[in-house]
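Each remark here refers to the structure printed beneath this line.
The values are calculated or read from the model by the stated rules, or taken from the named source; none is laboratory data. As the structure is a prediction and not an experimental result, all values here were calculated from the model. So basically every Cβ, Gly included, is an ideal-geometry build from the backbone, and we count neighbours across all protein chains shown. Areas reflect the complete protein model, heavy atoms only, side chains present, ligands, DNA and RNA absent. Shrake-Rupley method; radii C 1.70, N 1.55, O 1.52, S 1.80 Å.
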Amino acid sequence: MKDIHDDKLSRFWFMVCNAIPPVGFFLYFKHRKQYPNKAKRALTSAMIGIPLALIMGYIINTHILK
């Protein structure tokens, strides 16, 4: 079996993917064959980041910047 030591997305990149979803999609396509766990975590973070950004944008625009 192939020893994959680096098949874990760091916390820093997880937060970056969550804050900037295109980075998560890029990391997914970059690592999907060589590091599948890292790619899956980046994609998951990006997919979670999109609705969070929409919700936070709505809250900021309607309640804070009113």
Just the residues that are of a type outside the set (D, E, K, R) and more than 11 Å from the chain's Cα centre (by Cα), please, taken from the stretch 11-42.
29, 31, 34, 35, 36, 37
Identify all residues within the stretch 44-64 that are among the small types (Gly, Ala, Ser), surrounded by 11 or more Cβ atoms within 10 Å (Cβ to Cβ) and farther than 13 Å from residue 9 by Cα; write none if there are none.
49, 53
For the stretch 1-43, what are the residues that are in a loop (DSSP other than H, G, I, E, B) and open to solvent by 100 Å² or more (accessible area, probe 1.4 Å)?
1, 2, 3, 5, 8, 32, 33, 34
